Amino acid sequence: MDFISGDQITLTSGEQTATIATVGAALREYVVGGREVVIPFPADELPAAFHGMVLAPWPNRLRDGKYTFDGEELQVPVSEPGRGTALHGLVSWANWSVDSVSETAVTLAYELPASPGYPFQLALAITYALGEDGLTITTVARNVGARALPYGLGFHPWFAPGGTPVDRCTLQLDASSRVTVDDRLLPTGSVPVDGDFDLRAAWSLDGVAFDDAWVDVIPDGQGRSWARLGWADGSTVEIWAGPEAKAWQVCTGDVVEGVHRAGVAIEPMTCIADAFRTGDDLITLEPGAEHTFVWGMRLV
């Protein structure tokens with residue numbers, strides 16, 4: 001690897017440019033017409049706050065790093081000691097291999113080795129592709145082992161605010177409930193959206209701080225749910241996810257080291273935090289089974 005973030009693959013299509021870093025299969029840059037859609041990070045620096053990375057085999061937090069699957073009690077490393085949780089899975093800091101690459105698309109692959117805390121064999125392949133509809137990301141997960149495995153997936157892009165403070169942006173999100181949490185940001189339930197949390201219509205982010213999840217997504221006619229970050233100049237970053245996305249996480253980064261409200265993380269997920277313990281929307285992959293998750297973004 002030439003850089004801390006791994007090898008760099010740059011894709012181009014018309015006015016679009018995307019750079020993918022092999023560490024974490026991270027979306028390091030996405031620029032449309034010279035405008036940053038995601039906040040870039042330097043190739044030779046550690047990205048702050050899981051910037052652009054893949055979150056698997058679970059997104060968000062796992063209480064105490066402990067869970068039970070198929071009658072077996074398991075313990076993964078606690079990676080967020082301040083809250084006593086295992087954060088964002090096991091593949092974010094892995095160096096993925098490049099399976100195929102063209103001018104407009106790249107596929108990266110990683111096979112997660114079995115470990116005491118996750119004694120399963122999971123193969124992942126992620127394709128980033130530029131096209132007329134923006135940037136599309138497709139993830140295929142496959143159980144290559146001999147036993148069933150638990151699985152969840154999320155992504156962690158930090159979206160740029162269009163050259164102005166986040167307070168001048170708006171946010172719209174297709175979801176009708178929000179997740180309530182305890183002081184460790186672990187779920188305690190869900191309630192209908194109201195006030196600042198009702199994002200079904202565009203809502204000003206002026207003075208609003210989020211590190212929250214939304215569920216009960218509202219699909220369109222194609223089964224997609226959408227998030228829309230409105231910029232002050234009238235442009236909009238549109239983020240969509242297919243029916244496999246059961247939740248969205250939004251973080252304004254107010255107290256996140258290296259972010260401090262420089263942008264907004266808008267994260268499509270197959271499940272919310274602690275799904276390995278609660279079973280809520282947890283995916284079980286049988287031997288040989290696959291799961292596909294598709295989402296994307298565009299600037300309009």
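None of the figures in this text is laboratory data; all of them are computed from the coordinates on show. Because the structure is predicted, anything quoted here is derived from the model rather than measured. Cβ coordinates were reconstructed from backbone atoms using ideal geometry, including for glycine residues, and neighbour counts include every protein chain displayed.
I'd like to compare 260-266, 127-133, 70-76: which one has the highest average count of other Cβ atoms within 10 Å, and what's the full order after that?
260-266, 127-133, 70-76
Could you pull out every residue, at least 5 positions away or on a different chain, whose amide H is within less than 5 Å of the one on VAL256? Hs are placed 1.01 Å off N in the peptide plane, and Pro or chain starts have none.
For VAL256, the qualifying residues are ARG261.
What is the chain's relative contact order, in percent, from Cα pairs under 8 angstrom and six or more apart in sequence?
19
From the Cα gyration tensor of segment 101-239, with a ≥ b ≥ c the square roots of its eigenvalues, which class applies: rounded if a/c is under 1.5, or else prolate if a/b is larger than b/c, or else oblate?
Oblate is the answer for segment 101-239, as a/c is 1.5 or above yet b/c matches or exceeds a/b.
How are the C-alpha pair distances of segment 8-299 spread across 10 Å bins, as whole percents from the shortest bin up?
Calculated P(r), rounded to whole percents: 6, 30, 38, 22, 4, 0.
Could you give the radius of gyration (one decimal) and Dmax (whole number) of the Cα atoms in segment 1-139, in Å?
Rg then Dmax for segment 1-139, in Å: 16.4, 53.
Quick check for me: using +1 on Lys/Arg Cβ and -1 on Asp/Glu Cβ, what's the dipole size of the chain about its Cα centre, in debye to the nearest 20?
200
Work from the charge dipole of segment 8-299 (Cβ charges, +1 for Lys and Arg, -1 for Asp and Glu, about the Cα centre) and give the residue of VAL250, VAL193, PHE69 farthest towards its positive end.
The Cα lying farthest towards the positive end belongs to PHE69.
Rounded to the nearest 500, what is the 222 nm mean residue ellipticity of the chain from helices alone, with -39500 (n - 2.57) per DSSP H run of 4+ residues and division by all residues?
Only helices count here, giving 0 deg cm²/dmol.
If amide H atoms are built 1.01 Å from N in the plane of the peptide, which residues on other chains or at least 5 residues away come under 5 Å of the amide H of ALA273?
ARG61
Can you work out ³J(HN,Hα) from phi for every residue in segment 61-68, in order, using Karplus 6.51 cos²θ - 1.76 cosθ + 1.60 and θ = phi - 60°, giving whole Hz and x for Gly and Pro?
These are the phi-based 3J(HN,Hα) values: 9, 10, 4, 6, x, 10, 7, 10 Hz.
Given points 7 Å out from each Cα along the Cα-Cβ axis, report the SER102 to ASP194 separation in nanometres with one decimal.
Here the modelled spin labels are 5.2 nm apart.
Tell me which residues come under 5 Å, amide H to amide H, from VAL23 once H is placed; ignore anything under 5 positions away on its chain.
The answer is GLY6, ASP7, TRP96.
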